[in-house]
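Novice: Questions regarding the structure given below will be posed in turn.
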Amino acid sequence: MESLSEANTRFGFDMFQQMRKSKEGNIFCSPLSISSALAMVSLGAANSTALQMEKVLHFDEVSGSPSSDTAKGQQMAKKENVHSLFQKLLIELNDPTDAYELTIANRLYVEQKYKLLQKYLDDAKKFYQSGAEAVDFGKDAEKSRQDINAWVEKQTHGKIKDLFPKDSLSSSTILVLVNAIYFKGQWDRKFKKEITEEEKFWQNKDTSKSVMMMKQRDSFNLAFLDDVKAKVLEIPYRGKDLSMFVLLPNEVDGLRKIEDTLTVEKFLKWTSPSFMKESKVDLSLPRFRVEDEYSLRTMLTALGMVDAFSPQKADFSGMTGGRDLVLSKALHKAFVEVSEEGTEAAAATGVVAVPMSLPYYEPFHCDHPFMFFIKQNETNSLLFVGRIVSP
């Protein structure tokens, strides 16, 4: 494997499978956001701590720059290459656009008695547009908590509040990784609000709830997945730089079986332009808003990132020069809102010609549990993965 985007996608699928174990309902997270935050931490990791992080994040599979003949030199080149690739990607994603709102907020908060190396601070800022801030956990953990939450709220336009709940930080806290992401996309072709109507969404074969179902008849890229009894649809956002891919089982209760066998290879195949075919589609998609949060420690430990959280084994000597830091907490909170909104700021006049014989529109009715993925098309980077079982 050569690309950073594939590494992030593999990590994302690993995380999604861990999240499935901890909850039954809706899931929403940003693998890229978590990966970039952990990569910033890995800048300061050394020895087995670094190796474990690189393996969990699949960075050890990303091709490095062949600038050295020695094994150690090749390892350093590979590590430098990963951070450089992240630098390019984050600059591109954080570039303001009227097509969508996307804010990635990463920061390390360190107990102030630990002095961080200037090189680490410089590299974190250079590669991840972020940094580390000294706080006084020891004397006033509550004020530190409030300050961190206020920073996250500001970075995410007020959408993500109280990332750290009350009493989640204490005087023994040393190093905290903060990671939050906010996304709101505008469709390339918006849904008309006047035809959105209340319909049933079947959470399982026996239980339904009323939802506001958006509707649109148009041409979309579509693929039939006969082997897993499902289909996948691409809904582009404005500018077509980002797209949402909706994976819809044929059966109401078919999602769990698909999730059990879902692989990165299948996902990349199913969502590739060569596999999908432009088709006339009768689309129904529920409005939904998901705010989700996770403590990442248990999941990352289960995947093999053990030493970073162990006071006896953690080695973040690249941050301080000594082995006196351990990662206390890693939290992730993500927010997504899907509605009819599109190019509301632009005026448009459309003339619709109705053909004499109406064409067939393939039904794609998201009236039962489905998965969705949002990725950047040019780099094939998986930004978000989600599951909707109750809009």
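Novice: Out of the residues in region 1-60 meeting the condition of being of a type in the set (D, E, K, R) and over 16 Å from the mean Cα position of the chain (by Cα), tell me which one is nearest to residue 317 (Cα to Cα).
Specialist: Restricting to residues being of a type in the set (D, E, K, R) and over 16 Å from the mean Cα position of the chain (by Cα), the top hit is 54.
Novice: Sticking with this one: Could you list, in sequence order, the residues of region 177-222 that are touching a helix residue (DSSP H, G or I) at 6+ places or on another chain (Cβ under 8 Å) and among the acidic types (Asp, Glu)?
Specialist: Hit for region 177-222 is 188, nothing else.
Novice: Quick one: in region 144-165, of everything that is over 24 Å from residue 96 (Cα atoms) and in a loop (DSSP other than H, G, I, E, B), which residue is farthest from the chain's Cα centre (by Cα)?
Specialist: Only one residue fits best here, namely 165.
Novice: Is it the case that some residue within region 309-327 is surrounded by fewer than 19 Cβ atoms within 10 Å (Cβ to Cβ), in contact (Cβ under 8 Å) with a residue 60 or more places away in the chain and within 22 Å of the chain's Cα centre (by Cα)?
Specialist: Looking through region 309-327, none of the residues is surrounded by fewer than 19 Cβ atoms within 10 Å (Cβ to Cβ), in contact (Cβ under 8 Å) with a residue 60 or more places away in the chain and within 22 Å of the chain's Cα centre (by Cα).
Novice: Let me ask you something else. Taking the conditions exactly as written (over 27 Å from residue 17 (Cα atoms) and in contact with a strand residue (DSSP E or B) (Cβ under 7 Å, 6 or more places away or on another chain)), does residue 285 satisfy them or not?
Specialist: no
Novice: Got a sec? Which strands (runs of 3 or more DSSP E) wholly within region 169-283 have at least 2 residues that are closer than 30 Å to residue 139 by Cβ and in the same structural domain as residue 145 (by TED's automatic domain parsing)?
Specialist: 175-185
The values are calculated or read from the model by the stated rules, or taken from the named source; none is laboratory data. What you see is a predicted model; the values in this text were computed from it and never measured. All Cβ positions, even for glycine, are placed from backbone atoms using ideal geometry, and neighbour counts span all protein chains on display.
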